[in-house]
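Q: So that we are looking at the same thing, I have put the structure below in structure tokens.
The values are calculated or read from the model by the stated rules, or taken from the named source; none is laboratory data. Keep in mind the model is a prediction, meaning the values are calculated, not measured. With ideal geometry, Cβ positions are generated from the backbone for all residues, glycine too; neighbour counts draw on all protein chains shown.
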Amino acid sequence: MGTHPLGLIIRNVSKRYANGVQALYNISLDIPLGMYGLLGPNGAGKSTLMRTIATLQEPDGGQLFLGDIDVVNQKEAVRQTLGYLPQEFGVYPKASAEELLDYFAVLKGITNRAVRRETTEALLKQTNLWDKRKQKLGGFSGGMKQRFGVAVALLGNPRLLIVDEPTAGLDPAERVRFLNLLSELGENSVVILSTHIVADVSELCTNMAIINQGQILLEAEPLEAVAALKGRIWRKLTDKRALPALEQEHRVISAKLLSGRTLVHVYSPDRPGHGFEPVEPDLEDVYFSALTGCFGPVSQQPKAEGVAL
């Protein structure tokens with residue numbers, strides 16, 4: 001199937017909630033060992049897919065395999081080798097980092113006290129929290145809480161680590177520290193980073209997928225996807241009032257305010273006309289090109305059958 005046997009294979013996974021919302025349409029992905037970015041706006045279906053992979057909910061149809069484990073039918077086997085850091089990671093404010101990690105280690109089945117002490121010490125050092133081990137979690141910063149969440153998720157050496165929207169709300173220094181920690185983990189396991197922040201993926205992930213409205217728009221290596229846009233992205237500084245007219249004439253993929261004016265990025269294989277200059281594409285251009293339906297591979301993706309969008 002073109003993926004590492006230790007990777008994660010997802011085939012034709014769909015999910016509709018009781019309220020009628022179709023969260024996932026026929027999703028298929030090959031996720032190899034290493035850092036994998038799942039990129040999409042809020043409400044795109046990322047968390048639904050993460051929860052399905054983490055065995056917290058069942059898909060309506062489709063198959064998932066982690067190596068030789070059938071995720072849907074062997075939930076217990078998945079849970080034994082899974083680390084999951086959900087978007088809302090609650091901590092017990094009155095417990096110290098050391099106490100709580102020890103408690104989670106017991107829950108994970110590490111019953112030997114000496115082994116547990118060794119494990120918790122190694123994880124607190126790895127997540128750079130060793131000198132804060134006696135501190136109560138209520139006094140932790142956002143970044144420290146996230147790193148503690150990773151320490152919990154890493155108990156038992158998981159083969160699959162799922163991290164859902166981890167950098168939202170972190171200050172820049174904490175974000176860098178956190179992303180560096182994640183990148184070290186991707187050597188022997190599958191690490192899925194689900195995020196709406198393009199920079200998280202461009203800095204870390206060797207493979208990625210872009211998801212929107214429950215469908216995969218693009219599956220690619222970030223560097224290759226950026227290279228494929230070379231010579232196709234153009235920019236122009238304009239007035240906000242001129243934007244509707246530009247959108248009529250060109251395939252505008254993004255518009256940003258820049259010192260009171262609007263910087264427009266346009267997708268076009270040829271020079272789009274007066275006032276536009278070529279721009280070196282980046283992953284944000286890939287992301288917006290995919291979301292607006294401009295990116296090449298998107299049009300070749302077969303739509304899920306019988307789906308009315």
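Q: Among the residues of the stretch 13-27, which ones are loosely packed, with under 15 Cβ neighbours inside 10 Å and of a type outside the set (F, W, Y)?
A: A18, N19, G20, V21, listed by residue number.
Q: Is one or more of the residues making up the stretch 87-97 in contact (Cβ under 8 Å) with a residue 12 or more places away in the chain, surrounded by 12 or more Cβ atoms within 10 Å (Cβ to Cβ), under 25 Å from the mean Cα position of the chain (by Cα) and over 19 Å from G143 (Cβ atoms)?
A: So far as the stretch 87-97 goes, no, none of its residues is in contact (Cβ under 8 Å) with a residue 12 or more places away in the chain, surrounded by 12 or more Cβ atoms within 10 Å (Cβ to Cβ), under 25 Å from the mean Cα position of the chain (by Cα) and over 19 Å from G143 (Cβ atoms).
Q: Now for a separate question. Please name all residue pairs, on different chains or six or more residues apart, with Cβ atoms under 6 Å, provided the first residue is in the stretch 183-194 and is of a type in the set (S, T, N, Q) and the second residue is part of a loop (DSSP other than H, G, I, E, B) and at pLDDT 85 or above.
A: From the stretch 183-194, the pairs are S189/R159.
Q: Further, regarding this structure: So which residues in the stretch 251-278 are closer than 10 Å to W234 by Cβ and not in a strand (DSSP E or B), if there are any at all?
A: Hits for the stretch 251-278 are S268, D270, R271, P272, G273, G275, F276.
Q: I've got another one for you. Yes or no: I10 β-branched (V, I, T) and at pLDDT 95 or above?
A: yes
Q: Within the stretch 180-222, take every residue that is outside any strand (DSSP E or B) and out of contact with any strand residue (DSSP E or B) (no Cβ under 9 Å at 6 or more places or on another chain) and give me the one that is farthest from S289 (Cα to Cα).
A: Once the filter is applied, the top-ranked residue is N188.
Q: Further question on the same structure: Taking the stretch 238-279 on its own, how many of its residues are surrounded by fewer than 15 Cβ atoms within 10 Å (Cβ to Cβ), out of contact with any Phe, Trp or Tyr (no Cβ under 7 Å at 6 or more places or on another chain), of a type outside the set (K, R) and over 22 Å from H196 (Cα atoms)?
A: Number of matching residues: 15.
Q: Of everything in the stretch 150-177, what is crowded, with 19+ Cβ neighbours inside 10 Å and either within 14 Å of the chain's Cα centre (by Cα) or closer than 15 Å to G37 by Cα (or both)? Give them in sequence order.
A: L160, L161, I162, V163, D164, E165, P166, T167, listed by residue number.
Q: Mind checking whether some residue in the stretch 215-232 is more than 21 Å from D30 (Cα to Cα), among the polar types (S, T, N, Q) and not assigned by TED's automatic domain parsing to the domain that holds P272?
A: no
Q: Are any residues in the stretch 181-210 at pLDDT below 85 and polar (S, T, N, Q), and if so, which ones?
A: S183, N188 - these are the residues of the stretch 181-210 that are at pLDDT below 85 and polar (S, T, N, Q).
Q: OK, next. In a strand (DSSP E or B), in contact (Cβ under 8 Å) with a residue 24 or more places away in the chain and touching a His at 6+ places or on another chain (Cβ under 9 Å) - does that describe any residue in the stretch 9-21?
A: Among the residues of the stretch 9-21, not one is in a strand (DSSP E or B), in contact (Cβ under 8 Å) with a residue 24 or more places away in the chain and touching a His at 6+ places or on another chain (Cβ under 9 Å), which makes the answer no.
Q: While we're looking at this one, here's another question. So which residues in the stretch 73-117 are under 18 Å from V190 (Cα atoms) and aliphatic (A, V, I, L, M), if there are any at all?
A: Selection gives A77, V78, L82, L85.
Q: Would you mention how many residues in the stretch 49-58 are over 18 Å from the mean Cα position of the chain (by Cα) and crowded, with 22+ Cβ neighbours inside 10 Å?
A: Matching residues across the stretch 49-58 total 0.
Q: Counting residues that are hydrophobic (A, V, I, L, M, F, W, C) and under 25 Å from L66 (Cα atoms), which helices (runs of 4 or more DSSP H) fully inside the stretch 76-176 reach at least 2?
A: Correct list: 97-107, 142-153.
Q: So is D68 under 30 Å from T292 (Cβ atoms), over 22 Å from the mean Cα position of the chain (by Cα) and of a type in the set (D, E) or not?
A: So D68 does not fit the description; no.
Q: Consider the stretch 253-272. How many of its residues are out of contact with any His (no Cβ under 6 Å at 6 or more places or on another chain) and touching a residue at least 24 places away in the same chain (Cβ under 8 Å)?
A: So the answer is 9.
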